[in-house]
Each structure stands twice: as C-alpha cells, then as structure tokens.
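K.L.:
I'd like to ask some things about the structure below.
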Amino acid sequence: MSAQAWRAFNPSLDELLEFALAAARAAGEVTLKYFQKNPRVETKADHSPVTIADRESERLLRQQIDGRYPEHGVLGEELGETRPGAPWRWVLDPIDGTQSFIRGVPLYGVMVGLEREGEPLLGVVHFPALAETAWASKGGGAWWNDAQARVSDVARLEEATLLTTDPLGFAAVGREGAYQRLRQSVRCERGWGDCYGHILVATGRAEIMLDPVLHEWDAAPLIPILEEAGGKFVDWDGARRVRASGGIATNGALFAAVLAQVKPSMGEQG
C-alpha cells in the first residue's frame, strides 16, 4: 500500500477533527435557514418531533463524509446506519434539542462524533444560533470557542448546579427517586438541557447534567468532550458506554457523590 493510500485509510485525528468541525458548522448553516421560521413538524414513531431542518442537516453531513471518507460507516438519528461494521464510524445528531429548535429557542446543537472500533475518539457540538462550538479529540484537550475548556472544581454537592432536559421524563424510566434525591442535595437546579446542558458541564458553567433517555448519537460526541475537559460521562449504572439508555455528565470531582445518590437502594429502581 502506498503512503497516500495508507493515509486515506488511517487519517490523523487532527485531520478528522478539522473535517468534523467544518462539517458541523456547515450543517448548522442549514438549520439556521429554518430556525424561527416555523417549519412543519412531524412526529416520529417514538413520538419525538422532526423537521425538514433535521433531515437536511443530516443529509449534508452524510454527503460530506461520503465524499471525504467513503469507507467510513455512518450512524445518524434520522437516516439510520450505512456501512455497519466499518472500523471508523461517524455518529450524527443533526439537531439535538429539536423541541428547542421548533420553539425558536437557540439551545439546540449539531452533534458529530467519530469512533474507531467502537472507541469514541472525537466529538463536536456546534450551536448555530449561539455561534458557539465545543470540541475535543482524544489526547488533544477540549475546546470551547477557541479557548481550552475545563470543568469546574466544585467538590461539594451543596455547591453544585444541576441541569436536566426534562424533569417529567425521570418517572417514565423509573428514575424519579434518584432524580429527587439528587435535586434535594444541590445548590441550584436549571432546565438548560439536551446537549447544551452537557457542554455547560464541560465548560465549567454547571457541575451535573442528567438525561433520563439518550441514544448513541447523543453519547458518542459527548464522551471525548467531557473526558478531555476533566469530567466524566457515564450511563445510570456509572459505566462509560456509548450504547446507553441514559446519561450523566459530571465535573469529575462530584462523580462519586452523584453516583451514590442515583444508584438503586433497598430494591428501588433508580
């Protein structure tokens, strides 16, 4: 194999990250064409909303990936999976926070993650309506709008800020008890949810973010960003896992304390 061919199949993380940033920003421009323009909202089989902006954003991301890395696999929220089993796999959420998007609230993001043999190597979360971007690659640190991102050093739950996407969602998945225990232990609670909440943790503006339900396309981009910023991203069992049913982001210093609150006790689920 020639050196050029080898590089095509083994691109550097810097190259891949540069590509992911450009692709996420381009997809973000697509979403802005429809933001606060009242696009028609459809309801998917799982009862979540979707718009033309979600689909066009993902189509653009896929076109860019297929043009640059045609041998890579792709998993996206709206258009499924292509080339399953490929060593490299891009994981896409073209609009995370569609509920915010359809209401004209700017706290939605374009999420792009990349795995190699199942290991998350880089993540980009771009907030088009805010002109903010967070990104990280394994071993390369985490960044937020060109400044290094770092979690807060808050080490006591009584001083922490807790974020959630949907407080009503915890009971539906048997986590209401865990949620109530934790919210009664912290200093402050806010509803800045979806991917924006996790990035607030990664950038030191909050300490804990809880999601009762998550998918691969949500988790894969967040793991590198939280970890490179000094935090942790795990499922409700405390495991570092992309294929999880829910997610917890912490600043790391509070990880054990948070897990102690949300772990089942006396047979209670959640």
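The values are calculated or read from the model by the stated rules, or taken from the named source; none is laboratory data. Because the structure is a prediction, the values reported are computed rather than measured. Ideal geometry is used to build each Cβ from the backbone, glycine not excepted, and the neighbour counts take in all protein chains shown. The area values use the complete protein model at the heavy-atom level, side chains included, leaving out ligands, DNA and RNA. Shrake-Rupley method; radii C 1.70, N 1.55, O 1.52, S 1.80 Å.
K.L.:
First measure r as the distance between the Cβ atoms of residue 132 and residue 71, then evaluate 1/(1 + (r/R0)^6) with R0 = 22 Å and state the FRET efficiency to the nearest 0.05.
P.N.:
For residue 132 and residue 71, the calculated efficiency is 0.10.
K.L.:
So which residue, out of 232, 37, 138, gets the largest mean-square fluctuation from a GNM of the chain using Cα contacts under 10 Å as springs?
P.N.:
Among 232, 37, 138, the largest mean-square fluctuation in the Gaussian network model of the chain belongs to 37.
K.L.:
Around residue 185, with a cut-off of 10 angstrom between Cβ atoms, what is the net charge of the other residues, counting Lys and Arg +1 and Asp and Glu -1?
P.N.:
With Lys, Arg at +1 and Asp, Glu at -1, the net is +3.
K.L.:
Moving on to the next point. Once you list every other residue whose beta carbon is under 14 Å from the beta carbon of residue 45, what net charge do they have if Lys and Arg are +1 and Asp and Glu are -1?
P.N.:
My count for the surroundings of residue 45 gives -3.
K.L.:
Please give the per residue accessible area of region 101-216, computed with a probe of 1.4 Å over protein heavy atoms only, in Å².
P.N.:
Value for region 101-216: 40 Å² per residue.
K.L.:
Label-point separation (nm) for residue 241 and residue 22, each offset 7 Å from Cα along Cα-to-Cβ?
P.N.:
3.7
K.L.:
Once each part is reduced to its C-alpha centroid, what is the distance from region 175-205 to region 66-87 in angstrom?
P.N.:
Cα centroid to Cα centroid, the span is 32 Å.
K.L.:
Right, next: Which residues among region 219-235 fall inside the zone where the amide N is under 13 Å from a point 7 Å beyond the Cα of residue 46, along Cα→Cβ?
P.N.:
219-220
K.L.:
Right, something else. Express the carbon and sulfur contribution to the solvent-accessible surface of the chain as a percent, rounded to the nearest whole number, probe 1.4 angstrom.
P.N.:
Answer for the chain is 50 percent, counting heavy atoms of protein chains only.
K.L.:
Which lysines, if any, have their Cα less than 20 Å from the Cα of residue 232, not counting same-chain residues under 8 positions apart?
P.N.:
Output for residue 232: 138, 263.
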